[in-house]
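Here the structure comes first, spelled out in structure tokens, and everything after it is commentary.
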Amino acid sequence: MADRDARTQTKAPRANPLRDPQDKRLPRIAGPCGLVLFGVTGDLSRKKIMPAIYDLANRGLLPPGFSMVGFARREWHDQDFAQIVHDSVKQYARTEFREEVWRQLAAGFRFVPGDFSDDVAFEHLRRTIEELDEERGTAGNHAFYLSIPPKFFGDVVRQLHEHKLASPDDGSWRRVVVEKPFGHDLTSARELNDVLDGVFPPESVFRIDHYLGKETVQNILAIRFANAMFEPLWNSNYVDHVQITMAEDIGIGGRAGYYDGIGAARDVIQNHLLQLLALVAMEEPISFDAASLVTEKLKVLSSVRLPARLDLTTARGQYDAGWSGGVKVPGFFDEEGIPADSHTETYAAVKLHIDTRRWANVPFYLRTGKRLGRRVTEVAVVFKQAPHQPFSATATEDLTHNALVIRVQPDEGMTLRFGSKVPGTAMEIRDVSMDFAYGGAFTESSPEAYERLILDVLLGDPPLFPRHAEVEASWKILDPVLEHWARRGKPDAYPSGTWGPASADKMLVRDGRSWRRP
Amino acid sequence: MKIQLTETNASEIAAEFMRARIRAGSPVMGMVMTLIIVVDEDGADDAMEAAKEASHEHPARVLGVILGDGRGAGVVNAQVGTGGGWAGETALIRLKGEVTKHPESVVLPLLLPDSPVAAWWPKDHPDDPAEDALGRLAGRRITDAAFVTRGKLKALHGQCLAYSPGNTDLAWTRLTPWRALLAAALDQHPGRVTAASVSAERISPSADLLVAWLADRLKIDVARRTSDGPGITSAVLETKDGEIRIDRPDGRLATFSSPGKPDRPVALKRKDLPELLAEELRHLDEDDVYAATARALVKQAAS
């Protein structure tokens, strides 16, 4: 929080008389600081980071004097950089464009041209930051946002270290922000962490999993722990199994270079889906600070166990050409840059057990894929059937399992499925779905995930960022599956626009279950 | 879709809400509150438009109540609708004749079960909103001292005198960005504030509240200066390090100055009505800080 920030920045802590814990209106505004952005021209920078910075400024959440330095191998001046940001903000910002906000922001834009191996450029960067501390009052507080491929992290971090950019003076901070992928297996994740860890202390490393910045994901915790009526059912006494799905209707598009060799499991299951699993399955944390959340998430991730027979409990696929939503679309091997012998999966499904009393014998099924039926991310908690039915078997023929579905995106909301009488003189019972949509509240006016996360970086508020230990725990879960797949040759094909390969359906049929149609 | 109901009553309006829902094919709605808007015919369109935008953040059943001419036999007319940009349901209810003395009899049956009720007077408000027939139904009562049509000078003072838990005024809501910036400034300069001043146009309920808030929190006298506006044009805090100063001459872009730091521009736009209303509906419990500020304002005026 802002006042916590203030306490760490001032030596003699003295309560600010204008702050009051009762004062819920006052927003958290970051203290004086700046952001250094590596990878200015990338998609992520232009579509997410720059617009989020503007939106934060527009909501009045950035400090006066906030500054942003771009670093890239371009012969640009400050105003060229400002132009790039301007275009990106105009196109992608969620809040309206206001000249005065832009002027406030643009006054703090600087650009440093150079290579990651260029000592002169990093010296220039250091001077630029010092000048900003002078001219704009950023007070030595800077976050380095590495929006670049992980193979360059080492170079940049070393340079930051050598040019004394990574070590803050007393009373100020330096932080580093990195995006997924956090490695491609346990070993590489550790190597990556060593690179960062050697220079920045763990609490200064902010790993962005943008799913955790989503309002609906945070709402999972609110639904579970703020209510009385769900948590008593949230265990193996009542829950039959849980399905976590992240489906995309698009193909890999122009991302062949990144995607080939990575695949759906590394791209999505390792981070987003296992984080969702952790939030759905974890025990109640003793509070919502970072340490308590990490403790609970780690506990549950460490108790995840893979089934013995991976051939029967996992599935993977590659999309074929076909029709998706009325449009003819190319198959995975028709995409530019995909070699004909690629074994990269575009669909991945795994079954996981959680070895705790709460979840004994409750399997968690995780699946993700490209070119599936539609774009949806959801968590479905499927309940057991009532242990006894006073109604005749014919009356309850149409009744399936009760289910609680949390839709993360799009159409954020919740569905509750339960049995209800069919109107008429006969006693027949069928499923009805009660569907709750968050009336636009979580979609329009609420901050985008990146806004929330960037603000949290600047405030130094870490609960929504996965720690390295969590990254390691999730690779430990996934590595055996990846190794198993590597030995098994080519993934199965599935037609674009469907819900994945037949092998994925069989995987659930073996357990006497079936995938939900999301 | 809008349905006109003439010479109607509360149960017919309620039935129309249900029919509209079924017509829309969606029997479940995620409404979180009922918002009662008490307004005159001229202000109704603007107020309903603001509520419509705010409804996207707070899906609500919005009941616009227009109290017409009180003479003659009572007539209730209503326009009921869903969709058309609303997240939730809306009814604009026009009362004429005797029933204008008993508007709560129409509104009470239309309140959503269990969920909170807010009442908003966009222009003129009752002297004591908590004792008003419609105000009594609400847990949150929102007035706007800056937009009353008569007695502008006294309006805010009257509201502070009549304060009761759940009352709030949009003049206070307009202050939030100023208060946030001043609080953030003191995070950076934690020394004791020895003097303070606020400049604003002659009639500015927000400025009066800012003076009262600063005086109450900092335990010092705060000078109130008159400027040409618009709204509040500057706030100054004196600390032992020097002066913390926010100047906003044009109602949009401010300059933030603090000791030992360069001057910096800060966007500090005056918020529009839908934003203010949406902020107001975000917290429906008693605003303790406003309560303390209202008390301080009354005390200052008396001394």
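Could you tell me which residue of the stretch A:358-397 is surrounded by the most Cβ atoms within 10 Å (Cβ to Cβ), considering only residues that are assigned to a loop (DSSP other than H, G, I, E, B) and among the β-branched types (Val, Ile, Thr)?
Restricting to residues being assigned to a loop (DSSP other than H, G, I, E, B) and among the β-branched types (Val, Ile, Thr), the top hit is A:362.
Please work out which residue is farthest from the other protein chains (Cβ to nearest Cβ), limiting yourself to the stretch A:61-71 and to residues that are touching a strand residue (DSSP E or B) at 6+ places or on another chain (Cβ under 7 Å) and under 22 Å from residue B:188 (Cα atoms).
A:68
Just one of (1) within 11 Å of chain A (Cβ to nearest Cβ); (2) surrounded by fewer than 21 Cβ atoms within 10 Å (Cβ to Cβ); (3) closer than 30 Å to residue B:117 by Cβ trips up residue B:165, so point out which.
With (1) within 11 Å of chain A (Cβ to nearest Cβ); (2) surrounded by fewer than 21 Cβ atoms within 10 Å (Cβ to Cβ); (3) closer than 30 Å to residue B:117 by Cβ applied to residue B:165, the lone miss is (1).
Within the group A:181, A:150, A:168, which residue is surrounded by fewer than 17 Cβ atoms within 10 Å (Cβ to Cβ), under 29 Å from the mean Cα position of the chain (by Cα) and not hydrophobic (A, V, I, L, M, F, W, C)?
After applying the criteria, what remains is A:168.
Only one residue in B:150, B:71, B:174 is of a type outside the set (A, V, I, L, M, F, W, C), surrounded by 18 or more Cβ atoms within 10 Å (Cβ to Cβ) and either within 30 Å of residue A:64 (Cβ to Cβ) or more than 14 Å from chain A (Cβ to nearest Cβ) (or both), so which one is that?
Only one candidate qualifies: B:174.
Which residue, of B:249, B:259, B:230, is in a loop (DSSP other than H, G, I, E, B) and within 16 Å of residue B:189 (Cα to Cα)?
On inspection, the qualifying residue turns out to be B:259.
Would you confirm, using the coordinates I've provided, whether residue B:100 is in contact (Cβ under 8 Å) with a residue 24 or more places away in the chain and within 14 Å of another protein chain (Cβ to nearest Cβ)?
Judged against the criteria, residue B:100 is not a match.
Mind listing whichever residues of the stretch A:14-63 are under 27 Å from the mean Cα position of the chain (by Cα), in a loop (DSSP other than H, G, I, E, B) and among the small types (Gly, Ala, Ser)?
Within the stretch A:14-63, A:30, A:31, A:39, A:42, A:60 qualify.
Tell me, yes or no, whether the stretch B:97-118 has at least one residue that is among the β-branched types (Val, Ile, Thr) and in contact with an Asp or Glu (Cβ under 8 Å, 6 or more places away or on another chain).
Scanning the stretch B:97-118, I find at least one residue that is among the β-branched types (Val, Ile, Thr) and in contact with an Asp or Glu (Cβ under 8 Å, 6 or more places away or on another chain), so the answer is yes.
For residue B:73, indicate whether it is under 20 Å from the mean Cα position of the chain (by Cα) and either in a helix (DSSP H, G or I) or in the same structural domain as residue B:118 (by TED's automatic domain parsing) (or both).
no
Output the number of residues of the stretch A:398-410 satisfying the condition of being free of Cβ contacts under 8 Å to residues at least 60 places away in the same chain, surrounded by 14 or more Cβ atoms within 10 Å (Cβ to Cβ) and not polar (S, T, N, Q).
Within the stretch A:398-410, residues that are free of Cβ contacts under 8 Å to residues at least 60 places away in the same chain, surrounded by 14 or more Cβ atoms within 10 Å (Cβ to Cβ) and not polar (S, T, N, Q) number 1.
Contact list please: Cβ distance under 8 Å, first residue in the stretch B:189-203 and within 10 Å of residue A:16 (Cα to Cα), second residue in a strand (DSSP E or B), pairs at least six apart or on different chains.
Within 8 Å, the pairs are B:189/B:239; B:189/B:244; B:191/B:239; B:192/B:239.
Checking the structure you have, find out if any residue of the stretch A:34-54 is modelled with pLDDT of 90 or more and within 11 Å of chain B (Cβ to nearest Cβ).
Within the stretch A:34-54, one or more residues are modelled with pLDDT of 90 or more and within 11 Å of chain B (Cβ to nearest Cβ).
Keeping to the stretch A:64-85, report how many residues are touching a helix residue (DSSP H, G or I) at 6+ places or on another chain (Cβ under 8 Å) and either in a helix (DSSP H, G or I) or not assigned by TED's automatic domain parsing to the domain that holds residue A:133 (or both).
The number of residues fulfilling the criteria is 3.
Mind listing whichever residues of the stretch B:96-106 are of a type in the set (A, V, I, L, M) and farther than 16 Å from residue B:15 by Cβ?
Passing the criteria: only B:99.
Mind telling me which of the residues B:203, B:220 ends up being surrounded by fewer than 19 Cβ atoms within 10 Å (Cβ to Cβ) and within 14 Å of chain A (Cβ to nearest Cβ)?
Of B:203, B:220, the one residue that is surrounded by fewer than 19 Cβ atoms within 10 Å (Cβ to Cβ) and within 14 Å of chain A (Cβ to nearest Cβ) is B:220.
I'm trying to understand the selection: among the residues of the stretch A:277-287, which are touching a residue at least 24 places away in the same chain (Cβ under 8 Å), hydrophobic (A, V, I, L, M, F, W, C) and under 14 Å from residue A:223 (Cα atoms)?
Within the stretch A:277-287, A:279, A:280, A:281 meet the criteria.
Within the stretch A:95-104, is even one residue modelled with pLDDT of 90 or more and more than 13 Å from chain B (Cβ to nearest Cβ)?
no
Kindly check whether there is at least one residue in the stretch A:459-470 that is modelled with pLDDT of 80 or more, part of a helix (DSSP H, G or I) and surrounded by fewer than 17 Cβ atoms within 10 Å (Cβ to Cβ).
Yes; the residues of the stretch A:459-470 include at least one that is modelled with pLDDT of 80 or more, part of a helix (DSSP H, G or I) and surrounded by fewer than 17 Cβ atoms within 10 Å (Cβ to Cβ).
From B:191, B:231, which residue is within 30 Å of residue A:67 (Cα to Cα), more than 10 Å from every other protein chain (Cβ to nearest Cβ) and not charged (D, E, K, R)?
Residue meeting the stated conditions: B:231.
Results for (1) of a type in the set (S, T, N, Q); (2) in contact with a Gly (Cβ under 9 Å, 6 or more places away or on another chain); (3) not assigned by TED's automatic domain parsing to the domain that holds residue A:287, shown as yes or no for each residue.
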site: A:416; (1), (2), (3): no, no, yes
site: A:436; (1), (2), (3): no, yes, yes
site: A:453; (1), (2), (3): no, yes, no
site: A:474; (1), (2), (3): yes, no, no
site: A:482; (1), (2), (3): no, yes, no
site: A:485; (1), (2), (3): no, yes, no
site: A:492; (1), (2), (3): no, yes, no
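Quick one: residue A:452 ticks every box in (1) over 30 Å from residue A:146 (Cβ atoms); (2) surrounded by 17 or more Cβ atoms within 10 Å (Cβ to Cβ); (3) basic (Lys, Arg) except a single one, so which number is it?
Of (1) over 30 Å from residue A:146 (Cβ atoms); (2) surrounded by 17 or more Cβ atoms within 10 Å (Cβ to Cβ); (3) basic (Lys, Arg), only one is false for residue A:452: (1).
Residues in the stretch A:416-436: is at least one surrounded by fewer than 14 Cβ atoms within 10 Å (Cβ to Cβ) and charged (D, E, K, R)?
Checked against the condition, which is being surrounded by fewer than 14 Cβ atoms within 10 Å (Cβ to Cβ) and charged (D, E, K, R), the stretch A:416-436 yields at least one hit.
What number of residues within the stretch B:84-97 are crowded, with 19+ Cβ neighbours inside 10 Å, more than 14 Å from chain A (Cβ to nearest Cβ) and either out of contact with any Phe, Trp or Tyr (no Cβ under 8 Å at 6 or more places or on another chain) or farther than 27 Å from residue B:73 by Cα (or both)?
Matching residues across the stretch B:84-97 total 3.
The values are calculated or read from the model by the stated rules, or taken from the named source; none is laboratory data. Everything numeric in this text was worked out from a predicted model, so none of it was measured. When we count neighbours, we look across all protein chains shown, and the Cβ atoms used for this are built from the backbone with ideal geometry, even at glycine.
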